[in-house]
Amino acid sequence: MLRLLPGPVQSTTAWLLLAGGAWAEETAGVENFRGAAWRPVFQGIELAPVVLTKPRPIQAQILRVHLDAPGVSLVATPGNGGAPGETTGQWTSSFLKTQRCQAAVNAAPFDKVTTLEGGPLDVVGLQISGGQLVSPDDGSPALLILKNGKAKIQRPPFPGQQIQEAVAGFQIVLWQGRTVASDTKLHPRTGAGVSADGQTLWLLTVDGRQTGRSEGCTTLEMADWLRAMGAQSGINLDGGGTTTMVLAAADGKPLILNRPIHAGIPGLERPSGSHLGVHALPLGPGKN
């Protein structure tokens, strides 16, 4: 069945703080990302939406994950065993439920676009889940979660036995604090950034292809935004109609924070062959 969402969930947006104010000409909205209004949602996870009006409408959602916080761990989509394909296609919201995560985004590219969940998919590039190889390295760069708990973005060769989770991306956009992206096409985007010490992970989704609401971003903008938030390295993950960010509500049900656009339909999720989820502990009493 198709899953059509009505748009941003009003009960969520009511308590989200918008990062507003200045617009820097160097890159659209870079000051908004530098001054993002972070709100704790779980122990070790903070959330900030950013809404821009210049030079075009953009709506973005950012998770900042402190990897050294108690209870924080990550999980990539596991392999599907003896079934066809490497993984089984799922909405990001379904992945969050089945893996009992507190937050999740889509991650690596995969071989074919589908509308229904449950079909076999092959991941493009390296994917490791729970230390087990799901998809082999094909030369693409990847976001790695190492067994020491730190994150790292790099190109192959990869540090084999040191990797606990891994998801591949299209290209590195930020390297050693310097923007290396050059793509100026506007699309919905999913990206990740990592701090110099590997202890902080930023997960970013940018809605796109929605005229007048959110028209997408370039990889150049993504890189500058990640750098503005404090990342030293950044990677462009799968985007387009697959871009989705989900958070677990108080009852554990998935709350879709952005507005995906599968098949050109705003609010429609696309099954993905690759996700990255975050496990975390709830906030203490009175901290919501």
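The values are calculated or read from the model by the stated rules, or taken from the named source; none is laboratory data. Fair warning: this is a prediction, and the values are worked out from it, not measured in the lab. As a convention, Cβ positions derive from the backbone with ideal geometry for all residues, glycine included, and neighbour counts pool all protein chains shown.
In table form, for the structure just shown:
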quantity: Complete set of residues in the stretch 204-230 that are surrounded by 24 or more Cβ atoms within 10 Å (Cβ to Cβ) and aliphatic (A, V, I, L, M); calculated: Leu204, Val206, Met222, Ala223, Leu226
quantity: Selection within the stretch 251-270 - under 18 Å from Glu215 (Cα atoms), in contact with a Lys or Arg (Cβ under 9 Å, 6 or more places away or on another chain) and assigned to a loop (DSSP other than H, G, I, E, B); calculated: Arg259, Pro260, Pro266, Gly267, Glu269
quantity: Residue satisfying all of: in the stretch 231-246; among the hydrophobic types (A, V, I, L, M, F, W, C) and closer than 28 Å to Gly85 by Cβ; surrounded by the fewest Cβ atoms within 10 Å (Cβ to Cβ) among these; calculated: Met245
quantity: Residue satisfying condition, being of a type in the set (Val, Ile, Thr) and surrounded by 23 or more Cβ atoms within 10 Å (Cβ to Cβ), within set Thr92, Thr88, Thr114, Thr98; calculated: Thr92
quantity: Number of the exception - Ala196 against (1) assigned to a loop (DSSP other than H, G, I, E, B); (2) surrounded by 23 or more Cβ atoms within 10 Å (Cβ to Cβ); (3) not polar (S, T, N, Q); calculated: (2)
quantity: Total residues in the stretch 271-288, condition outside any strand (DSSP E or B), on the phi < 0 side of the Ramachandran plot and surrounded by fewer than 24 Cβ atoms within 10 Å (Cβ to Cβ); calculated: 8
quantity: Hits in the stretch 76-113 - residues which are farther than 19 Å from Ile145 by Cβ, over 20 Å from the mean Cα position of the chain (by Cα) and in contact (Cβ under 8 Å) with a residue 12 or more places away in the chain; calculated: Asn80, Ala83, Pro84, Gly85
quantity: Top-ranked residue in the stretch 109-127 [being out of contact with any helix residue (DSSP H, G or I) (no Cβ under 9 Å at 6 or more places or on another chain) and of a type in the set (D, E, K, R); ranked as nearest to Gln164 (Cα to Cα)]; calculated: Asp122
quantity: Residue that is modelled with the highest pLDDT, among those in the stretch 173-193 that are part of a loop (DSSP other than H, G, I, E, B) and hydroxyl-bearing (Ser, Thr, Tyr); calculated: Thr184
quantity: Ala76 of a type outside the set (Lys, Arg), within 19 Å of Gly240 (Cα to Cα) and crowded, with 18+ Cβ neighbours inside 10 Å; calculated: no
